[in-house]
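In what follows, a structure is listed as structure tokens, so that the remarks can point back to it.
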Amino acid sequence: YFKTKSVAEFGRLNYEQFVKQVYEQAPAQMNEHWAPQTYLCSMDLLSYDFVGHFENMQNDSRLVLDTLGFKHRYLPSQEEIAFLGTSAASQHAQYYTEELLTLIKEKFANDFNYLGYKQELELGPGSGTMARGGQQAAAR
């Protein structure tokens, strides 16, 4: 699960245990699959002109390629490459509690803020809702 630990050391973690383990780690200790993107991209050190999003890859790639002089070219859409989504967004309510949302929002606050993602998720039944409006991704 983690850079310095093996599955054998931790055993199999449920989602709550996983989030709590990640929360306790510094970004440099995290596996790159769940480390903050702002850390991985050194956004505190580098100035970016544009930040694209995977979920908007076709439009974002068209803008970048047009700017580079490659008119009418773009990366394929998820449909064009037959990318199978996980449907995670439709299932998150069953895994998140108010406590886990707070931990995730705190740990990944820079990603939410700098990358323009909304911090709004519906919790499971009886858990309430945590919401905070997101910002548009801004070029730096």
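Remarks
- Put a dot 7 Å past the Cα of Asn59, heading toward its Cβ, do the same for Lys105, and the two dots end up 2.6 nm apart.
- Length gained on full extension, Gln17 to Glu32: 3.6 nm, using 0.36 nm per residue less the C-alpha separation.
- Listed values for the range 16-21 are Karplus-derived 3J(HN,Hα) couplings in whole Hz (6.51 cos²θ - 1.76 cosθ + 1.60, θ = phi - 60°), namely 4, 4, 4, 4, 5, 5, and x replaces Gly and Pro.
- Lysine pair count for the range 17-118 [Cα-Cα under 15 Å; pairs on different chains or 8 or more apart]: 4
- Computed on the range 35-126, with alpha-carbon pairs under 8 angstrom and 6+ residues apart, the relative contact order is 27 percent.
- Accessible area of the range 1-118 belonging to carbon and sulfur atoms, whole % at 1.4 Å probe: 55
The values are calculated or read from the model by the stated rules, or taken from the named source; none is laboratory data. The shown structure was predicted, so the numbers you read here are calculated from the model rather than taken from an experiment. So basically every Cβ, Gly included, is an ideal-geometry build from the backbone, and we count neighbours across all protein chains shown. Ligands, DNA and RNA are excluded from the accessible area calculation, which covers all protein heavy atoms including side chains. Shrake-Rupley method; radii C 1.70, N 1.55, O 1.52, S 1.80 Å.
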